[in-house]
Each structure stands twice: as structure tokens, then as C-alpha cells.
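Each remark here refers to the structure printed beneath this line.
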Amino acid sequence: MARILVIEDNAANMKLAVFLLEQAGHEVFQASDAEEGIRLAREQHPALILMDVQLPGMDGLAATRLLKGDAITRDIKIVALTAFAMRGDREKIEAAGCDGYIAKPIRYQEFLQVVGDAVARAGVALAAT
Ligand code: MN
């Protein structure tokens with residue numbers, strides 16, 4: 001069980017992600033844009049952020065760079081939620097500082113596995129400090 005922040009502007013994707021995470025026993029925080037997400041990340045310090053890449057205003061990769069550049073939030077694992085699964089996007093996502101990505105549409109098994117791996121890595125990082 002972990003504290004997980006979902007930053008996603010699409011209501012259907014948010015609903016599905018929250019449902020799957022809560023079913024898996026996680027505590028979930030929700031933001032529909034980057035600004036609100038960054039505020040919640042600083043305030044709640046979740047173990048993991050699921051970050052939609054395409055957001056209104058500041059996009060998810062800019063938000064990731066900001067969070068990874070801030071001492072308060074840089075140890076939070078960030079997994080990108082991306083609709084594009086094209087060659088080159090993976091590099092862009094990694095260059096922004098993301099710890100992994102999930103391609104949309106969300107497939108339950110892959111989603112829960114990537115989240116589980118990221119939460120495990122967050123736990124290891126936490127235990128090492
Ligand atoms: Mn979006």
C-alpha cells in the first residue's frame with residue numbers, strides 16, 4: 001500500500017486509474033492539471049506520481065522536470081501516462097526524468113505491474129535514506 005498522486009485531465013482515465021489503485025489498496029490523491037499536481041506533490045509527498053503527458057497549460061514532462069529539480073519532490077517516483085507510443089517518445093519521457101511510463105489506453109495488468117514495480121523501487125529508495 002502506498003500514497004499515489006494521479007495527475008490526469010481526462011475524467012474517464014482518472015476514474016479508471018483511481019479505481020484500480022484503490023482496489024489494490026493504495027491511498028490516492030487526484031489533480032487535473034500540473035499546477036494542482038505540483039502543489040499536492042509538495043504537500044502530500046506521495047511515493048509515486050502517475051503523470052499524464054498531455055495536460056492543459058503546463059504539460060506532464062515540464063511538470064516532471066520541475067518536480068525532479070526540486071529537493072522537496074525529486075525522490076518521488078514518476079511514471080508517465082502517455083497516449084503516444086511512438087519511437088522517440090520513450091527517450092523524451094526518460095530525458096524529462098520519468099522513472100517509467102504506461103501507454104494509454106490503460107490495460108489493467110500492465111498498469112498494476114508498472115505501479116507495483118515503481119512502488120517497490122520507491123520503498124527501497126526510502127529504506128536506503
Ligand atoms: Mn491528458
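The values are calculated or read from the model by the stated rules, or taken from the named source; none is laboratory data. These numbers were taken from a predicted model, which means no experiment stands behind them. Positions of Cβ are backbone-derived with ideal geometry, glycine not excepted, and every protein chain shown enters the neighbour counts.
Just one of the listed residues (Arg107, Arg74, Arg65) is surrounded by 13 or more Cβ atoms within 10 Å (Cβ to Cβ) and either among the charged types (D, E, K, R) or in contact with a Lys or Arg (Cβ under 9 Å, 6 or more places away or on another chain) (or both), and it is Arg65. Of the residues making up the range 36-57, those that are farther than 26 Å from Tyr108 by Cβ and more than 12 Å from the ligand (Cβ to nearest atom) are Glu36, Ile38, Arg39, Arg42, Glu43, His45.
Does Ile93 qualify as being assigned to a strand (DSSP E or B), at negative phi and within 16 Å of the ligand (Cβ to nearest atom)? No; evaluated as a whole, the condition is false for this residue. Scanning the range 5-37 for residues that are of a type outside the set (Asp, Glu) and within 18 Å of Ala122 (Cβ to Cβ) yields Leu5, Val6, Ile7, Ala17, Leu20, Leu21, Ala24, Gly25, His26, Val28, Phe29, Gly37. Residues in the range 58-83 that are away from the ligand (no atom under 12 Å from the Cβ), part of a loop (DSSP other than H, G, I, E, B), of a type outside the set (A, V, I, L, M) and free of Cβ contacts under 8 Å to residues at least 40 places away in the same chain: Gly69, Asp70, Thr73, Arg74.
Filtering the range 1-35 to residues that are surrounded by fewer than 16 Cβ atoms within 10 Å (Cβ to Cβ) and away from the ligand (no atom under 15 Å from the Cβ) leaves Met1, Phe19, Glu22, Gln23, Gly25, Glu27.
Once the range 79-121 is narrowed to residues that are in contact with a strand residue (DSSP E or B) (Cβ under 7 Å, 6 or more places away or on another chain), more than 14 Å from Met51 (Cα to Cα) and among the hydrophobic types (A, V, I, L, M, F, W, C), the residue that is modelled with the highest pLDDT is Val119.
Set side by side, the residues Thr73, Thr64 differ, and just one is among the hydroxyl-bearing types (Ser, Thr, Tyr) and in contact with a strand residue (DSSP E or B) (Cβ under 6 Å, 6 or more places away or on another chain), which is Thr64.
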